[in-house]
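Take a look at the structure set out below.
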Amino acid sequence: MYMGNFSFHVFDHPMSRGFQNRFSTQYRCYSVSMLAGPNDRSDVEKGGKIIMPPSALDQLSRLNITYPMLFKLTNKNSDRMTHCGVLEFVADEGICYLPHWMMQNLLLEEGGLVQVESVNLMVATYSKFQPQSPDFLDITNPKAVLENALRNFACLTTGDVVAINYNEKIYELRVMETKPDKAVSIIECDMNVDFDAPLGYKEPERRPQHHEEPTEEEADPTSYADMDLGFRAFTGSGNRLDGKLKGIEPSPAPLGPSDMKRGIPNYEFKVGKITFIRNSRPLPRKFVDDDDALNRFIAFSGEGQSLRKKGRKP
């Protein structure tokens, strides 16, 4: 889950925000791809604004409305509604052009009727989005991508599924929640953004790691006779000087119970582990005292020698 805080700054119209007269009319709506003209208007698909006819601008200019202009779009046949801004007033009379994702939210087909009303929305403080595909998690910095995409939007409506374009791919996000109202303006706002888990996303299963010790098979004592216990005399094969083979092949004498050297068993023995046992026993106290007495230094206790032998007098 991601959380962010970013601002949108759009130049506001200097007209006063006084009491507004209501603008309400019906248009036949078409997607932007139906807009006639040599210029490519794919930029309209990347935002939340519509294109209206010039007569709408003439009528709006005579009303004391709030700027920037925000509108409520309603499909009376399906009882669906959303909110948007206006990008230009260049459409043919009686026609308005909508982004494709907006027509899907309103359940409108090409040439359907839509009611357009001017509204005044509160400034957004919080919004929560849910990506409609786990592919949205592949974006390195989704907060920055959403911030850049929302610059082309004027308002948000709870329940809408907005579409943003990033790296030539369309990502759809559902508006789960907006504050302080279900429809808010995101122009010149400081809005906290939160992301819900994508639709169809499953948490990866975390398997507990068990450190299993290798099982040790109990050794069969009868197999000890097959182990190499060292040198065994007269177990080799002989050869003749004339090159003839001997008639009887020698066989090693079988080991008897007395041939197997047995000591104190190591009850803590484990297969694959080498243990060095040292047979060092402490000397008795009596021998330690005798060694100390012999090694103790005693002054003038040596024997003298003379170069001249003294004989006995007769």
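The values are calculated or read from the model by the stated rules, or taken from the named source; none is laboratory data. Being a predicted model, the structure only gives us computed values, none of them experimental. Quick reminder, even Gly has a Cβ in these numbers, built from the backbone with ideal geometry, and neighbours come from all protein chains shown. Surface areas here come from the heavy atoms of the whole protein model, side chains and all, with no ligands, DNA or RNA. Shrake-Rupley method; radii C 1.70, N 1.55, O 1.52, S 1.80 Å.
Structure above, values below:
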read-out: Enumeration of residues in segment 125-135 that are part of a strand (DSSP E or B) and of a type outside the set (Gly, Ala, Ser); value: Tyr126, Lys128, Phe129, Gln130, Pro131
read-out: Residues of segment 34-85 satisfying the condition of being open to solvent by 60 Å² or more (accessible area, probe 1.4 Å) and at positive phi; value: Asp79
read-out: Hits in segment 136-176 (condition: outside any strand (DSSP E or B), touching a residue at least 60 places away in the same chain (Cβ under 8 Å) and not aliphatic (A, V, I, L, M)); value: Phe136, Pro142, Lys143, Glu147, Arg151, Asn152, Phe153, Asp160
read-out: Complete set of residues in segment 11-32 that are modelled with pLDDT of 50 or more and surrounded by 13 or more Cβ atoms within 10 Å (Cβ to Cβ); value: Phe23, Thr25, Gln26, Tyr27, Arg28, Cys29, Tyr30, Ser31, Val32
read-out: Selection from segment 104-124 of residues that are in a loop (DSSP other than H, G, I, E, B) and open to solvent by 20 Å² or more (accessible area, probe 1.4 Å); value: Leu107, Leu108, Glu109, Glu110, Asn120, Leu121
read-out: Hits in segment 86-103 - residues which are open to solvent by 80 Å² or more (accessible area, probe 1.4 Å) and either in contact with a Ser or Thr (Cβ under 9 Å, 6 or more places away or on another chain) or modelled with pLDDT of 90 or more (or both); value: Glu93, His100
